[in-house]
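Chemist: I'd like to ask some things about the structure below.
Bear in mind that the values in this text are calculations on the coordinates, not laboratory data. Worth saying up front: this structure is predicted, and the values here are computed from it rather than measured. Reconstructed Cβ throughout: ideal geometry from the backbone, glycine too, with neighbour counts over all protein chains shown.
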Amino acid sequence: MSMSEPAFICPLQDLGALQFSGPEAHNFLQGQVSNDLTRLAPGAILRAGLHSPQGRVLALLWLVGLSGSEVLALLPRELVPDMAAHLRRYLLRAKLTLADASAQYRVFGIDTGDAVRAWPQAWLYERSRRLLIQPLSEPAPLGEPMSREQWRALDIAAGIPQVYAPTSGLFVAQMLNLDCIDAISFSKGCYTGQEVIARAHYRGRVKRRLQRFETTSSQPLAPGDVGQLADGRALRVVDCVLRADGCSEFLAVAPLPGAAHEAEEARAGGAAHRLAARSLPLPYELPD
């Protein structure tokens, strides 16, 4: 790497990995995730959702193609055991091995203005950011340190959601804007949850969407928290980061402005507290 191109390095220690190995690994995943495995390309992350039969997002997977037919799926470490158990129910007699590979790899986030040339061995993640996936035996990359909160803040600014244990199974794919971040294929054919996701797409009835906000006062938040905006819209926090000024910037699923307000707090089993927050723009357009 050129000295004129400093990189910021963030250890993503909260990410785990599921490894799919065998001649039918791609075919198996093609029937389970929302994106098209034929689009899996060297050097780039393929985003996909893993869904329940009811179309609810159980986990978001960052897929990378390893040598041969192997595929590595990155996801929050806390979800790895449950997602492994979920997928094993569909294995039947498929010729593949599904294993928790979290202890075999380390994942680093890299942010540099010229990531492609400086880090050809890393995987394109978003704009100038890439993911470096290393066996534990390899030395950690050198660069300026970046905290996990700083990396998360970049994800929130980019409108990239994540699903954690408190929010697993709560949202249909379009509520998390998976159709806006190229994590759904509407032409690939059947997969678990596909019917519900396709119906929402073609009928255009998604009234709640992932949106970006910031609190206007000191307010710590956590994924799964429920709140109510000043205009009466109820929201559920998807991801959040506490800034140095004490305010929180966060992604939350809420009714779109002007849409009928839904009683999210009733589904949550408790009253939503009033949240002093204002909207921030996303870097992509939401469908009408």
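Chemist: Grab the other residues whose beta carbon is less than 14 angstrom from that of GLY22, score K and R as +1, D and E as -1, and report the net.
Modeler: Every neighbour counted, the sum reads +1.
Chemist: How large is Rg/Rh for the chain, to two decimals, with Cα atoms and a Kirkwood Rh?
Modeler: Rounded to two decimals, Rg over Rh is 0.96.
Chemist: Also: Calculate the FRET efficiency for SER137 and SER279 from the Cβ-Cβ distance with a Förster distance of 45 Å, rounded to the nearest 0.05.
Modeler: 0.45
Chemist: Express as a percent, rounded to the nearest 5, the fraction of DSSP beta bridges in the chain (both residues included) that run antiparallel.
Modeler: If I count the DSSP bridges inside the chain, around 90 percent turn out antiparallel.
Chemist: Please give the FRET efficiency for GLN104 paired with CYS190, using the beta carbon to beta carbon distance and R0 = 30 Å, rounded to the nearest 0.05.
Modeler: Step by step, r from the Cβ atoms, then E = 0.40.
Chemist: Of the options LEU235, LEU170, SER185, report the single residue whose Cα projects farthest towards the positive end of the charge dipole of region 152-262 (beta-carbon charges: Lys, Arg +1; Asp, Glu -1).
Modeler: Value computed over the given set: SER185.
Chemist: Now, a different point. In Å³ and rounded to a whole number, note down the convex hull volume per residue for the Cα atoms of region 8-144.
Modeler: 108 Å³
Chemist: Average projected area of the Cα convex hull of region 165-280, in nm²?
Modeler: 7.9 nm²
Chemist: Quote the relative contact order of the chain in percent (integer), defining contacts as alpha-carbon pairs under 8 Å separated by 6+ residues.
Modeler: Computed over the chain, the figure is 20 percent.
Chemist: If you don't mind, another one. Cα extents of region 201-252 along the three principal axes, largest first, in whole Å?
Modeler: Principal-axis extents of region 201-252 (Cα, largest first): 42, 20, 15 Å.
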